[in-house]
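Below: one structure, written as C-alpha cells.
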Amino acid sequence: MEAQIRRIASTYLEGVRPTGESGLRSKCPLCGSDRSFIISLHHGGWICWSCGERGALVTLLRQLGLSSTQVDRTVEALNLPPPLSKRLQRRKMLKQQHALLPEYILGAYEGTPEELVEGGFSAELLRKHDVGVDAKNHRITFPIRDTLGRLAGISGRARGDWQIPRYKVYDARPPDPERNRGPGELYGVVEGYVPDNRAHLYGFNDVYPERYFKPNEPQPPLVVTEGYKSTLWMRQLGFTHTVGLQGSSMTAAQERQLGRLRGPYYIMLDNEPGKAYPDRKRRCAAVDIARRLRRSGQVFLCIYPEEMPIGAAPDDIGSAEEAGQVLETAETIGQLRTRKRT
C-alpha cells in the first residue's frame, strides 16, 4: 500500500516530501496552503492543518476529481474499506455539526479575566487561548476544542465562591417552566447543539501535531492535569505539552486521544487523597489513569513537595524549576504503592 500511496501523492499532489517515517507532506489540494497537508503512508488517511479538512483516501480521491470508476479501481487495488453510503455520510455530518460551535460565539466573551492576571497568568497567554469573561453569568470562559482546533464547547468557571456549580459547560437547551429552568447560555444562538466536553482533552489540538507527526524527534514531557487553569499554568512555566482532562477521571475518548501520542506520560492531578495519591480506602484516580495508559507508553505519577498543602493544584507551583522538580521526582505505580501516607 505504501508504494501505491506514494504514486498517488506524486501524481495528484504538489511539493510532496517525507515527514517522519510514516507520512508525506505537501501543498494542500483543497486550500492551497503550503506544508500543511499530511497523508499517512500506512492507510492513506489525510489532514490539512490549515483548512481543517481531513478524511480517508477515498474521500481525497473524490475531491481531487477522479471519476467513480477510477475511485472504485483504486479502492479495489488497495483493498480499502468501502466508502460510506450517502445516508451514513449525512448522519456523520449532522452528528459533527451538532458537536461543534461557530467561532463567532467567542465574541460574546471578550475580555481578559483580571483575577487570573493578578494571580500570575500572562495576559498574552490567556488571549492566545481565547480565555474570556462572561459578564452576564459572572464566569471565566475556557473554549474547548477538538483535535482539529474547532470549537466544540465552552466551559464557564465561577468567579465567586457563592456560585454553583464551580464549572459549567454551556449548552443550548430550551427553557422549561415546569422545572423552573431558564434557557441554556447558548439558546437562540445555535440549534441542536449538545455539549460533550469530556470527549475532548483541553489543549490537545496544540500538542497533537507536534507529537504525532514527528515520531522520531525528541519531545518534552507530556503532562496530564485536571483542568484549564492547571494546563495553562504549566504551559506558561514552559511545559507546553500539557493537556487537561476537565476532571480527575479519564474517559474512553480521552484515553484514545492520549494513546495516539508518545509518552512518557506524567499524571499531575490535584494534591488530594483519592486523586494524586491513595486515600484510606486505597482509591487513587491517578493510579487508575496510569494503569489504562500503560498500554500506550511509560507512565509516571507526580508527587507534590511536602510543603505544599492538601488541595494544591499545578497552578500553585511557583516556578518552572519547582515544576521541573515535580516531574523529575515522579514515581511509577509500583513506587507509589510503597509510600506511606497519613
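The values are calculated or read from the model by the stated rules, or taken from the named source; none is laboratory data. What you are looking at is a predicted structure, and each value in this text was computed from that prediction instead of being measured. Glycine gets a Cβ as well: all are built from the backbone with ideal geometry, and neighbour counts include every protein chain shown.
Which residues, counting only those in segment 206-245, are of a type outside the set (A, V, I, L, M), under 21 Å from Pro143 (Cα atoms) and touching a strand residue (DSSP E or B) at 6+ places or on another chain (Cβ under 6 Å)?
Scanning segment 206-245 gives Thr225, Gly227, Tyr228, Thr231, Arg235, Phe239, His241, Thr242, Gly244.
Residue by residue, here is whether (1) surrounded by fewer than 16 Cβ atoms within 10 Å (Cβ to Cβ); (2) in contact (Cβ under 8 Å) with a residue 40 or more places away in the chain; (3) in contact with a Pro (Cβ under 7 Å, 6 or more places away or on another chain) holds:
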{"residue": "Phe121", "(1), (2), (3)": "no, yes, no"}
{"residue": "Glu124", "(1), (2), (3)": "yes, no, no"}
{"residue": "Lys128", "(1), (2), (3)": "yes, no, no"}
{"residue": "His138", "(1), (2), (3)": "yes, no, no"}
{"residue": "Thr141", "(1), (2), (3)": "no, no, no"}
{"residue": "Thr147", "(1), (2), (3)": "no, yes, no"}
{"residue": "Leu151", "(1), (2), (3)": "no, yes, yes"}
{"residue": "Val169", "(1), (2), (3)": "no, no, yes"}
{"residue": "Asp176", "(1), (2), (3)": "yes, no, no"}
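Of all residues in segment 113-131, count the ones that are part of a helix (DSSP H, G or I) and within 21 Å of the chain's Cα centre (by Cα). First the steps, then the outcome.
Of the residues in segment 113-131, the ones part of a helix (DSSP H, G or I) are 114-118, 123-128.
Now restrict to residues that are within 21 Å of the chain's Cα centre (by Cα): 124-128.
Looking only at that region, the number is 5.
May I ask you to list the residues in segment 96-119 that are among the aliphatic types (A, V, I, L, M), within 30 Å of Gly318 (Cβ to Cβ) and surrounded by 15 or more Cβ atoms within 10 Å (Cβ to Cβ)?
Result: Leu116, single match.
Residue-wise test of (1) at pLDDT below 85; (2) surrounded by 15 or more Cβ atoms within 10 Å (Cβ to Cβ); (3) in the same structural domain as Leu148 (by TED's automatic domain parsing).
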position	(1), (2), (3)
Ser26	no, yes, no
Gly32	no, no, no
Leu41	no, yes, no
Gly44	yes, yes, no
Glu53	yes, yes, no
Leu57	yes, yes, no
Thr69	yes, no, no
Arg91	yes, no, no
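Identify all residues within segment 132-165 that are aromatic (Phe, Trp, Tyr) and under 17 Å from the mean Cα position of the chain (by Cα); write none if there are none.
Hit for segment 132-165 is Phe142, nothing else.
List every residue pair whose Cβ atoms lie under 6 Å apart, where the two residues are 6 or more positions apart in sequence or sit on different chains, the first residue falls within segment 1-21 and is within 19 Å of Phe213 (Cα to Cα), and the second residue, located anywhere, is assigned to a helix (DSSP H, G or I).
Val16/Ala9; Val16/Ser10
Quickly run through segment 174-212 and pick out the residues that are among the aliphatic types (A, V, I, L, M) and part of a helix (DSSP H, G or I). Spell out how you get there, then give the answer.
Applying the first criterion (among the aliphatic types (A, V, I, L, M)) to segment 174-212 yields 186, 189-190, 194, 199, 201, 207.
Scanning segment 174-212 gives Ala199, Val207.
In segment 120-145, which residues are of a type in the set (Gly, Ala, Ser) and within 19 Å of Ser319 (Cα to Cα)?
Gly120, Ser122, Ala123
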